[in-house]
Amino acid sequence: DDYSPPSTDIITLTRHVLNDGFNLAKSSAASGDLTILLASLQTTCKFIESNVRKASLINLIGAAGNTNVQGEDQKKLDVLSNEIMINALRASGKAAVLVSEENDEAIFVGEKQSGSSFETNKGKYCVVFDPLDGSSNIDAGVNIGTIFGIYLVKDGSKGDLSDVLRPGKEMVAAGYCMYGSSANLVLTTGNGVNGYTLDNQIGEFILTHPNIRLPERGKIYSINEGNSAYYHEPVLKYLDSIKFPKEGSSKKPYSARYIGSMVADVHRTLLYGGIFGYPDDKKSKSGKLRMLYEAFPMSFLTEQAGGVATTGTQRILDIQPTEIHQRCPVFLGSKGDVEDLMSFYKQQ
Ligand code: AHM
Ligand code: MG
């Protein structure tokens, strides 16, 4: 009697993107193109996840005394993931410009590739991505992920650097896939945030977290406090305020959670609330995280989930980038918590 049959009406990512109130792009032709691009990103994530799983196994075998597998093979996983993404996005025929953390220069699709056996069509989307973020965590089996953001080339443009050197608020879609105990793909196309979990048996991402909303306030702070010696006053004062609430206040001290893998720290923040930060400090003048393919996509998702994303003094999505690999300070999370942080910057 306890048996409840499995649902026979599952919502896959593709079905959801195609049908369900997605505010894709203005014209239907454009939305079809974005759907194809997203499908190709989805496949990419499945391919990377399968390689991440295999690498973990190979690594475990290596750890058990098999000598031919060293840490070096792990490093290759970033490179492999990057190649998977570039090939898939080129092949989609929907991309014009690609910016990857792994490549110094932007890639312009449609230029004849040396060594490539097939011609690729140029599309009208630009994809900025970090193929495998947090890769220093791989050996410890900690969650890692792929982050991406998508721009539509500007009217009249053939797809050049100016199409990606744009504020994050001009992105038409952004998301990440986290490779953890399961693979979770979290996506926005500018109409809220949805989360999908990979069902490895059928090879589909299934809608498991519809309409993710950040709690107004959380109880967790997530920051590399080991950098405190370099932090500026507002950050130190804010941290103090959440660890030592004023006497008589109803607030309890916050819990610390820091994985050191942005996708995992942001994922937890989206689901549980609180604040995630990677500030600028006396040593790192612009912080550590990359604006285009780390800060922008995560800020877009955060705002779409009802949260706030700031450098401390400025809305992240408003920043005009000047270089593709530029860095910027990041604080994001629950509205109440991020506004508290900002109030310490204002006091300066
Ligand atoms: P990476 O692109 O070299 O992997 O670095 C980015 C990662 C983020 O995932 C994470 O938020 C941050 O670096 C952690 O940095 P730190 O170890 O300085 O706390
Ligand atoms: Mg990275």
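Roughly how many debye, to the nearest 20, is the charge dipole of the chain about its Cα centre, given +1 on each Lys and Arg Cβ, -1 on each Asp and Glu Cβ, and no other charges?
Dipole of the chain, to the nearest 20 debye: 640 debye.
Of the beta bridges DSSP finds with both residues in the chain, what % are antiparallel, to the nearest 5?
Roughly 80 percent of the DSSP beta bridges within the chain come out antiparallel.
Once both labels are modelled 7 Å past Cα along the beta-carbon direction, what's the residue 76-residue 3 spacing in nm?
Each label point is offset 7 Å from its Cα along the Cβ direction, giving 4.7 nm.
Mind putting a number on the dipole of the range 180-325 about its Cα centre? Charges go on the C-beta only, +1 for Lys and Arg and -1 for Asp and Glu, and I need it in Debye to the nearest 20.
I would put it at about 500 debye.
Mind ranking 252-259, 10-17 by how tightly packed they are, going by the mean number of other C-beta atoms within 10 angstrom, highest first?
10-17, 252-259
For each cysteine in the chain, check whether another cysteine's C-beta sits under 4.7 Å from its C-beta; list those where none does.
Cysteines of the chain left without a disulfide-compatible partner: 126, 328.
Just want to confirm a number: the relative contact order over the chain, from Cα pairs under 8 angstrom separated by 6+ residues, in percent.
15 percent
Only sites in a loop by DSSP and with at most 15 other Cβ atoms within 10 Å count here; which trypsin sites (Lys or Arg not before Pro) in the range 262-307 make the cut?
Answer by residue number: 282, 283.
Between the helical axis of 28-63 and the dominant principal axis of the chain, each derived from Cα atoms, what acute angle in degrees is found, rounded to the nearest 10?
Around 80 degrees separate the two axes.
Of 175, 222, 34, which is farthest towards the positive pole of the chain's charge dipole, taken about the Cα centre with +1 and -1 on the beta-carbons of Lys, Arg and Asp, Glu respectively?
222
Taking a threshold of 18 Å on the Cα-Cα distance, which of the pairs 219/246; 169/285; 76/288; 122/158 fall above it?
From the list (219/246; 169/285; 76/288; 122/158), the Cα-Cα distance tops 18 Å for 169/285; 76/288.
Only the coordinates and a few stated rules stand behind these numbers; no lab work does. Computed from a prediction, not measured in an experiment: that's the story for all the values here. As a convention, Cβ positions derive from the backbone with ideal geometry for all residues, glycine included, and neighbour counts pool all protein chains shown.
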